[in-house]
1. Could you check, for the range 39-53, whether at least one of its residues is of a type in the set (S, T, N, Q), at pLDDT below 55, within 15 Å of the ligand (Cβ to nearest atom) and crowded, with 22+ Cβ neighbours inside 10 Å?
2. Give Thr233, Thr278 a once-over and let me know the one that is in contact with a Lys or Arg (Cβ under 8 Å, 6 or more places away or on another chain), surrounded by fewer than 19 Cβ atoms within 10 Å (Cβ to Cβ) and of a type in the set (Ser, Thr, Tyr).
3. With the requirement that a residue be surrounded by fewer than 21 Cβ atoms within 10 Å (Cβ to Cβ) and either under 22 Å from Leu417 (Cα atoms) or in contact with a helix residue (DSSP H, G or I) (Cβ under 6 Å, 6 or more places away or on another chain) (or both), what does the range 472-482 give you?
4. Just to be sure before I move on: is Glu399 under 29 Å from Gln431 (Cα atoms) and out of contact with any His (no Cβ under 7 Å at 6 or more places or on another chain) in the structure I sent?
5. If I go through the range 79-107 residue by residue, how many of them are at pLDDT 90 or above, within 14 Å of the ligand (Cβ to nearest atom) and not in a strand (DSSP E or B)?
6. From the list Val208, Val161, which residue is within 16 Å of the ligand (Cβ to nearest atom) and either of a type in the set (Gly, Ala, Ser) or touching a residue at least 24 places away in the same chain (Cβ under 8 Å) (or both)?
7. Restricting to strands (runs of 3 or more DSSP E) lying wholly in the range 441-551: which have 2 or more residues that are over 27 Å from the mean Cα position of the chain (by Cα)?
8. What is the number of the single condition among (1) at pLDDT below 90; (2) within 16 Å of the ligand (Cβ to nearest atom); (3) within 22 Å of Phe457 (Cβ to Cβ) that Ile152 does not meet?
Amino acid sequence: MQHSHIRNFSIIAHIDHGKSTLSDRLIQVCGGLTNREMAEQVLDSMDLERERGITIKAQSVTLNYTAKNGETYQLNFIDTPGHVDFSYEVSRSLKACEGALLVVDAGQGVEAQTLANCYTAFDMDLEVVPILNKIDLPQAEPDRVAEEIEDIVGIDAIDAVRCSAKTGIGVEDVLEEIVKRIPPPVGDRDKPLKALIVDSWFDNYQGVVSLVRIMEGELNAKEKIQIMSNGQTHQVDKIGIFTPKQTETGVLRAGEVGYIIAGIKDIQGAPVGDTITTAKNPAKEMLTGFKKVKPQVYAGVFPVSSDDYEDFRDALSKLSLNDASLFYEPESSAALGFGFRIGFLGMLHMEIVQERLEREYDLDLITTAPTVIYEVLTTKGETITVDSPSKLPAVNDIEEIREPIVEANILVPQEYLGNVITLCVEKRGTQTNMGYHGNQVALTYELPMAEVVLDFFDRLKSTSRGFASLDYNFKRFHGSDMVRVDILINGEKVDALAIITHRENSQGRGRELVEKLRELIPRQMFDIAIQAAIGNHVIARSTVKQMRKNVIAKCYGGDVSRKKKLLQKQKEGKKRMKQVGNVELPQDAFLAVLKVG
Ligand code: GTP
């Protein structure tokens, strides 16, 4: 296809504003799939994504659209994820595009995350085209939301297309806007090949599949390619586009987006952000890639049964074939035995990984409370990074603990401003900016990352009835008075229950944690003492009283099946228990810290 007839675009939208529904409509209108093939939300290919209704992996689809001017255009749509945890994936999708549709729910308005993604798009010189979706809803206020887009995002939006991805109204206008407003790609097809790896994933049958955007030159099947960062060469096996079905074309030229398969065995062999060139006529310089993502939250994950350790390790290595952001290393805990310390992009990523491990690999796992990374200056003058409370050096060896600080951008309607400010203050935040845009207030806070990653998002949502939105980025490390609070069960320190917290909050958190654990730990045949301590100094204590009767006694020797059922129930409950010393702790106990403070 000629450059002039290609349009490469992404959709920037907040979760639930209708990106998937609109994508499906675009595919349908362009005839990418027959109605029968039109499974619901084709772009979200993973089961889990579908269930949770969120998009995680970037995928693409190439559509042919015959515009009102009679010309046929090739539209390459590159999907982006919508959640705060995955914003780095948005920027890499945008890198392959000349434009982005900014889809805003006309009943809701602009959200912080969409705003952040818009700024990324502006930085990359993309044309941002506003679209007001869900105009079929009675509560839709397209005029107000258009004004809000102008005011907060700073682009013209009065003439923005108004559509309903659900009913199909205005969807053709969206396609016309794409053709009219998004510039065609540039890039010399006669120059040596430069292809940007936008995404790579592992397919059980085909090995690594990479989504690429050809920036310069062209690539043909059977050609020998070179991955520029590591110099590895591979022979291209298949090359083509997603329509959304995988369709071989045998060639991709500058300006186009598609996939290549070249017998690469793991995704580290085709890293996202890397440049592919040909071995015969290599390009001199690489394209500027993407920022490498670093995990922000670390947690220990342990198999409930130590027999599962090997299976767990295999599962992790398989999972990491598809998830380049997954980081893990072996860890052992006195309480929980052998497991892994896993780094995640955020809490949602952690939940998803844990769920996939349990569901797809049939493992029963115990996860410890997540921690951020701290920088610790030791009295010897060394700076070390600490990703687990148990790795914190002894108090006497610590000169200073520095905690990660994020810059958080929050958008909130005025009526909830007070609540949000109260929350930020409680979370040790410092306000750095505040601006009014119509009814919305834009707040910027510096907040400790530890306070943000755990439950801040949920608290923000509940304190603003779901209206406030959040986006945040790591800013710097900052010296803080942090301490480790140990938890002792019947006098034994349980390493997996320790937390790092600010000294000011340590007393309160320790007390709440002990209280929460008392509720969570089931009664056993003896009293269980729970204590929170900083060093040798106990700051809180509580007791789980011993059990009085056993469960079966309740059945008065009644019918046997009932008894069996009860025992079965007890057994299932036990599945997630971990024996620590002589006490059985449920999974919830290890995450109790998430439920306090
Ligand atoms: P992520 O995949 O998580 O990023 O969400 P999304 O932005 O793709 O949202 P999705 O398309 O899944 O839509 C969210 C909800 O809004 C679904 O229940 C859709 O049916 C509904 N929805 C989408 N577009 C419209 C619309 O135009 N009108 C109405 N009434 N509902 C819509």
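1. no
2. The unique qualifying residue is Thr233.
3. Asn473, Asp481
4. Answer is yes for this residue.
5. Going through the range 79-107 one residue at a time, the tally reaches 2.
6. Unique residue meeting the criteria: Val161.
7. Those strands (runs of 3 or more DSSP E) span 469-480, 482-489, 528-534, 537-544.
8. The number of the failed condition is (2).
The values are calculated or read from the model by the stated rules, or taken from the named source; none is laboratory data. Just so it is clear, the structure is predicted and the values come from calculations on it, not from any experiment. Cβ coordinates were reconstructed from backbone atoms using ideal geometry, including for glycine residues, and neighbour counts include every protein chain displayed.
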